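Accompanying notes for the structure given below.
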Amino acid sequence: MKKLRVLLVDDEIMIREGFKRLFDWEAHGCEVVGEAADGMEALGQIDALRPDIVIMDINIPIMNGLKVIQTARVKHPQTAFVIVSGYDDFSYCQQALRMQITDYILKPVNYEEFGSCIDNLKISLFEQSVSREAEQQEERLITRMTRFLQAHLAEELSLGVLAEEFHLSAQYVSQLFKNEIGVGFLAYLTNIRMEKAKKLLLSTQLSVAEVAERAGYADYRVFTKSFKKAEGVTPSQYRREFLDGAH
């Protein structure tokens, strides 16, 4: 597993040196890639280095640590922040918790406790990474599925057909449509068939039966019923109203 990249932010150089020398980053699967002494420098380093973890004092010059975190989160939502401060101030703790800071550690730092914090953070970041990868895979999969449906719209399509084509269970495919598109498979299929039919009705001279067939309906009467339910008019009325409006 790749080492996690760490940025140290503290206006006291001795504190930063202490973190580098007194804590075994290697043993915890991390490496310190940079440091900063004030809020503006911290933001610049976060943009430039894209660290996985930022160890940050609250009371730093120019821009305090919480403001840095608030600003950095906009561009770097995956970055984890650990507050290290000499200020045992409950209001700071409350603000940190509201901003979903991973941990809040008081100086002087107990490096054994700090090690546990880093290890827990590694687990959390790993789980988030796996979750993001799974989401990206599902997005790619649903894109491939919708393209397949568009390309085979005139054919008989069902959850079973998709499941077989992509070597998945029908239940998984069904859940994927609900999760990624927000509607069930059948609702999505009906929608794209109706859109295809409307396009053909308005741009071709095909008969309603031929439009029905190209949109995936073997029986034009079933198509007409579905079309009227979706659009409020029959396919013939839809075409006629468009043509009347065009004149």
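Brief remarks on what is shown
- By the helix-only formula, in which each DSSP H run with n ≥ 4 contributes -39500 (n - 2.57) and the sum is divided by residues, the chain has a 222 nm mean residue ellipticity of -19500 deg cm²/dmol.
- Square roots of five times the Cα gyration tensor eigenvalues for the stretch 163-247, Å: 30, 13, 11
- Helical segments meeting 24 Å axial Cα length and Kyte-Doolittle -1.0 threshold in the chain (DSSP H): 111-151, 185-203
- Alpha-carbon Debye profile of the chain, log10 I(q)/I(0) at 0.10, 0.13, 0.14, 0.16 Å⁻¹: -0.66, -0.80, -0.87, -1.05
- Nitroxide proxy distance, nm - points 7 Å out along Cα→Cβ at Leu106 and Asn191: 5.4 nm
- Ranking Val54, Val161, Phe81 by how far each Cα lies toward the positive end of the dipole of the chain (charges on Cβ) leaves Val161 at the top.
- Local electrostatic count at Ala215 - Lys and Arg +1, Asp and Glu -1, tallied over other residues with Cβ under 15 Å: +3
- Assigned charges on the beta-carbon of Lys, Arg, Asp, Glu; the stretch 118-247 dipole about Cα centre (debye): 560 debye
- For the chain, the share of accessible area belonging to carbon and sulfur comes to 50 percent (1.4 Å probe, ligands and nucleic acids excluded).
- Whole-angstrom Cα spans of the stretch 113-173 along principal axes, big to small: 63, 18, 11
- Prolate/oblate/rounded call for the stretch 1-90, Cα gyration tensor, a/c under 1.5 rounded: oblate
- Under the convention that each Lys and Arg Cβ holds +1 and each Asp and Glu Cβ holds -1, the size of the dipole of the chain around its Cα centre is about 1540 debye.
The values are calculated or read from the model by the stated rules, or taken from the named source; none is laboratory data. Treat the numbers as computed from the prediction; the structure is a model and nothing was measured. Heads up, the Cβs are rebuilt from the backbone with ideal geometry, glycines too, and the neighbour counts pull from every protein chain shown. Just the protein is used for accessible areas: all its heavy atoms, side chains included, with ligands, DNA and RNA removed. Shrake-Rupley method; radii C 1.70, N 1.55, O 1.52, S 1.80 Å.
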